[in-house]
Amino acid sequence: MYLPEQFEETQVHVMFELIRTHPLATLVTLSSGGLNANHIPLSLSESPPPYGTLRGHIARANPLWSDLNSDIESLAVFNGPDTYISPSWYATKKETGTVVPTWNYAVVHAYGILRIVDDASWLRSQLEALTIHNEASFSEPWAVSDAPQEFTERLIGSIVGIDMIITRLTGKWKVSQNQPPQNQASVVASLQASDIPDAPSMATLVETRSKNTR
């Protein structure tokens, strides 16, 4: 990933937070036929330090687990908020006109050796952890134990676990740090007034980073 220094995120807890709030990863692996990309929700454990472990599951019918080059590291990409940034939002547009469109985004790349786990007990624990995390904000959270045991056991037999101890963690927060303060402020105001889906989250990221760089 191209990573100019001004956009680099090095704080592990910040990258962990993005992973937890945007757990659907693009998991890139190498098979006998070349590169594969699968889209899989992954749960994060902070053990072992410093970067923790990612855990998830896939359908047993998915060739990812049976045709995996386990000697080559895999890559899990977690995408945070992203928005188009219009040049008309920059305060300096009226002064110079020398502005162009861009795209703001936050992303985390996690690397490690992917391990296949074909164990029913492990899978049930992983499913429970993933469900608890994603149901936490609901007034009546659903639990794995809510379903009939025979039903869940049958489904567990149709999936395979995946486990990756993270060996490298890279974060990129491209959120207008390369703009002067007046443009950062005008971008925040424009995002707050926009109906773009990720606009509120991006406005917060731009405002936070602009304060940290002043």
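The values are calculated or read from the model by the stated rules, or taken from the named source; none is laboratory data. On a predicted model such as this, the values are computed, not experimentally measured, just so you know. Methodologically, a virtual Cβ is constructed for each residue, glycine included, from the backbone with ideal geometry; neighbour enumeration extends over all protein chains shown.
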Odd one out for VAL160, checked against (1) under 20 Å from PHE78 (Cβ atoms); (2) assigned to a strand (DSSP E or B): (1)
Where SER47 falls short, out of the listed (1) touching a Leu at 6+ places or on another chain (Cβ under 8 Å); (2) within 14 Å of ASP163 (Cα to Cα); (3) of a type outside the set (A, V, I, L, M, F, W, C): (1)
Residue match in region 117-134 (condition: small (Gly, Ala, Ser) and either without any contact (Cβ under 8 Å) to a residue 24 or more places away in the chain or in contact with a Cys (Cβ under 8 Å, 6 or more places away or on another chain) (or both)): yes
Enumeration of residues in region 166-214 that are in a loop (DSSP other than H, G, I, E, B) and farther than 25 Å from LEU75 by Cα: SER176, GLN177, ASN178, GLN179, PRO180, ALA193, SER194, ASP195, ILE196, PRO197, THR213, ARG214
Residue that is nearest to the chain's Cα centre (by Cα) [pool: residues in region 130-173 that are basic (Lys, Arg) and under 24 Å from HIS22 (Cβ atoms)]: LYS172
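Rundown of residues vs (1) out of contact with any Gly (no Cβ under 6 Å at 6 or more places or on another chain); (2) buried (at least 17 other Cβ atoms within 10 Å of the Cβ), yes/no style:
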{"site": "LEU3", "(1), (2)": "yes, no"}
{"site": "THR21", "(1), (2)": "yes, no"}
{"site": "SER31", "(1), (2)": "yes, no"}
{"site": "GLU46", "(1), (2)": "no, no"}
{"site": "GLY80", "(1), (2)": "yes, yes"}
{"site": "ALA91", "(1), (2)": "yes, yes"}
{"site": "GLY97", "(1), (2)": "yes, no"}
Of all residues making up region 123-142, the number that are loosely packed, with under 11 Cβ neighbours inside 10 Å and either in contact with a Ser or Thr (Cβ under 7 Å, 6 or more places away or on another chain) or more than 21 Å from SER45 (Cα to Cα) (or both): 3
Subset of region 5-42 [closer than 19 Å to LEU68 by Cβ and among the hydrophobic types (A, V, I, L, M, F, W, C)]: ALA25, LEU27, VAL28, LEU30, LEU35, ALA37, ILE40, LEU42
Test result for ASN36, touching a residue at least 24 places away in the same chain (Cβ under 8 Å), under 19 Å from MET202 (Cβ atoms) and more than 14 Å from the chain's Cα centre (by Cα): no
Candidates SER190, SER210, SER176, SER186, filtered to the one that is at pLDDT below 95, more than 17 Å from the chain's Cα centre (by Cα) and either among the aromatic types (Phe, Trp, Tyr) or closer than 30 Å to PRO101 by Cβ (or both): SER210
Output for region 69-78, where each listed residue is surrounded by 17 or more Cβ atoms within 10 Å (Cβ to Cβ) and either touching a helix residue (DSSP H, G or I) at 6+ places or on another chain (Cβ under 9 Å) or farther than 19 Å from PRO41 by Cα (or both): ALA76, PHE78
Test: residue in region 68-78 that is modelled with pLDDT under 95, in a strand (DSSP E or B) and more than 30 Å from PRO197 (Cβ to Cβ): no
Cβ pairs under 6 Å, 6+ apart, first in region 187-198 and in contact (Cβ under 8 Å) with a residue 40 or more places away in the chain and under 17 Å from LYS211 (Cα atoms), second assigned to a loop (DSSP other than H, G, I, E, B) and not aromatic (Phe, Trp, Tyr): VAL187/SER176
